[in-house]
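The values are calculated or read from the model by the stated rules, or taken from the named source; none is laboratory data. Since the structure is predicted, the reported quantities are computational estimates derived from the model, not experimental observations. Neighbour counts run over all protein chains shown; Cβ positions are idealised from the backbone, glycine included. For accessibility, only protein heavy atoms count, side chains too; no ligands or nucleic acids. Shrake-Rupley method; radii C 1.70, N 1.55, O 1.52, S 1.80 Å.
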Amino acid sequence: MKHACIISFDFIRQGEPEGSLAIASLLAYLKQDERYGQEFQCGHISFNLLEHAQLTVLHVVQNILKMYHLPALDFIALSCYVWSEFLINPLIRSLREHGFSGAIILGGYQISYADSSLLQAEYPDCQIFIKGYAEESLRQALLSEPQEWPLVLSQEPDFSCLTSPYLSGELAIADNQSRVRWETKRGCPYRCSFCAHRDLQRNRVYRHERDKVFDELHLFQKKRVQKINVLDPVFNMGPEYLSLMEKMLECSLGAQVSLQTRFENIQGANGERFLELCSNLPVFLEFGVQTIQEAELAVIQRRNQRSHIEELFQRLNALGIAYEISLIYGLPNQTFASFKESVDFLQAHACQRIKAFPLMLLKGTELHAQRNLWKCQEKIVGDYHIPVVVSANSFDEQEWLRMRALAESLEHCERYE
Ligand SMILES: C[S@@+](CC[C@H](N)C(=O)[O-])C[C@H]1O[C@@H](n2cnc3c(N)ncnc32)[C@H](O)[C@@H]1O
Ligand code: SF4
């Protein structure tokens, strides 16, 4: 039998089930294969970055060694994201030094969106790369033989066969669980140039089976879950979001539900029904505006109609719907003054809660490809080793520091707590 272990680097907040939803989805999928437990099996170790802002290779390896005898493992799969990238190659070297001689499998955004021809050079001691959603590819990886390596797998999972991590018990929910993450669909069809949430490979949206989604909702209700954080990059899109909200209403959902939403999609009869449902449900809406400046919007390939946003602020405030707005600072063509105008615009419209994120150049995004064109310089300035843009064509690092101070003042302002 082949023995595998997934090592993941996650952000698990207090009150959430122990373990990551993404990894639980992989494990639930593997375990439904009839060969599981006979021909292959897979364990999991999660490192919660919220508990280890400065994670080191030594700490990771010491913890793996507590649970595994490395020469006995056939596969080690590592999750590669912008926050774990710095660990990957040194960790592989250390695993080898400690006797691991099997195949390294790499997956996650950093692999999915990297140029395939560069993967082997970037990660010279990796045998199997997984691009895209990993359920089916990981299963194939664990059934592969050394003569097939190196291997790049990008199997599209059949969403009708994805086992629910919650309904299968892979991710256990306690009674009165404070928070859970939930997914009703994956991917986004829009093309914002900074964003890796959309499916950069196929630009498709994959919907989970409606019955499975409803069953998960009933489970959350039965367990009296207090907060449901919906991960869909854009919830108010596609044919099913309204019926899902109707279902929440019908079962008198007790949990608060946070939804990532787009102003642009609140239009016409569906938009009206959406607002009506929001006003009758304990929802919290998260809108990305990013900037209100035309020159910056053009770079990120978004169009925000100010009049539409203004009208919606009024409606949301009048209906008592809770929401927050996110902005990005450090964008090409941005200056401190233009960023402040975006903030002032939101505050002038009594926007309840504003968050501003520093721009990250994520692999595979158009902005990442255009970083030289916009003279973007990056620096690691905070925790988690994530590089952010600190100067570009329109601002230097001093000006960026002023933007950061303004962004931080929003988070700490009592009005927004
Ligand atoms: C998960 S995204 C989803 C946003 C939503 N779908 C929308 O269209 O606005 C949530 C927020 O993360 C921030 N974000 C996403 N990618 C980012 C990046 N590369 N750099 C900085 N902030 C980013 C943006 O402010 C975005 O609104
Ligand atoms: S920012 Fe939102 S709308 Fe734009 S591509 Fe990302 S998830 Fe989609």
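Selection of the range 367-385 for residues being away from ligand 1 (no atom under 11 Å from the Cβ), assigned to a helix (DSSP H, G or I) and out of contact with any Phe, Trp or Tyr (no Cβ under 7 Å at 6 or more places or on another chain) yields Ala369, Asp383.
If only residues of the range 175-192 that are within 16 Å of ligand 1 (Cβ to nearest atom) and open to solvent by 50 Å² or more (accessible area, probe 1.4 Å) are counted, the one that is nearest to Leu244 (Cα to Cα) is Arg181. Reported count of residues in the range 173-191, each being at pLDDT 95 or above and assigned to a loop (DSSP other than H, G, I, E, B), is 8. Every condition in (1) of a type outside the set (Phe, Trp, Tyr); (2) within 16 Å of ligand 1 (Cβ to nearest atom); (3) closer than 19 Å to Glu264 by Cα; (4) not in a loop (DSSP other than H, G, I, E, B) is met by Lys355 except one, and the failing one is (3).
How many residues does the range 243-270 hold that are away from ligand 2 (no atom under 16 Å from the Cβ), of a type outside the set (Val, Ile, Thr) and buried (at least 16 other Cβ atoms within 10 Å of the Cβ)?
Qualifying residue count for the region: 7.
In the range 82-102, the count of residues that are in contact (Cβ under 8 Å) with a residue 60 or more places away in the chain, open to solvent by less than 60 Å² (accessible area, probe 1.4 Å), hydrophobic (A, V, I, L, M, F, W, C) and in contact with a Gly (Cβ under 8 Å, 6 or more places away or on another chain) is zero. Yes or no: the range 317-333 includes at least one residue that is open to solvent by less than 40 Å² (accessible area, probe 1.4 Å), away from ligand 1 (no atom under 15 Å from the Cβ), closer than 23 Å to Leu231 by Cα and not in a loop (DSSP other than H, G, I, E, B). So far as the range 317-333 goes, yes, one or more of its residues are open to solvent by less than 40 Å² (accessible area, probe 1.4 Å), away from ligand 1 (no atom under 15 Å from the Cβ), closer than 23 Å to Leu231 by Cα and not in a loop (DSSP other than H, G, I, E, B).
Would you please name the residue that is nearest to ligand 2 (Cβ to nearest atom), looking only at residues in the range 289-340 that are at positive phi and of a type in the set (Gly, Ala, Ser)? Give the steps one after another, and end with the answer.
So in the range 289-340, the residues at positive phi come out as 290, 301, 320, 330, 333.
Right, trim to of a type in the set (Gly, Ala, Ser) and you get 320, 330.
Working: Gly320: 25, Gly330: 16 Å.
This residue is Gly330.
Among the residues that make up the range 3-18, is at least one of them open to solvent by less than 30 Å² (accessible area, probe 1.4 Å), in a strand (DSSP E or B), out of contact with any Ser or Thr (no Cβ under 7 Å at 6 or more places or on another chain) and of a type outside the set (A, V, I, L, M)? Yes, there is a match, as at least one residue in the range 3-18 is open to solvent by less than 30 Å² (accessible area, probe 1.4 Å), in a strand (DSSP E or B), out of contact with any Ser or Thr (no Cβ under 7 Å at 6 or more places or on another chain) and of a type outside the set (A, V, I, L, M).
Beta carbons closer than 8 Å, at least 6 apart along the sequence or on distinct chains, pair a first residue in the range 288-304 that is within 16 Å of Glu366 (Cβ to Cβ) with a second that is near ligand 1 (Cβ under 9 Å from one of its atoms) and of a type in the set (Lys, Arg) for Gln290/Arg302. Consider the range 290-316 and keep the residues that are part of a loop (DSSP other than H, G, I, E, B) and in contact with a strand residue (DSSP E or B) (Cβ under 8 Å, 6 or more places away or on another chain). The one that is surrounded by the fewest Cβ atoms within 10 Å (Cβ to Cβ) is Asn304.
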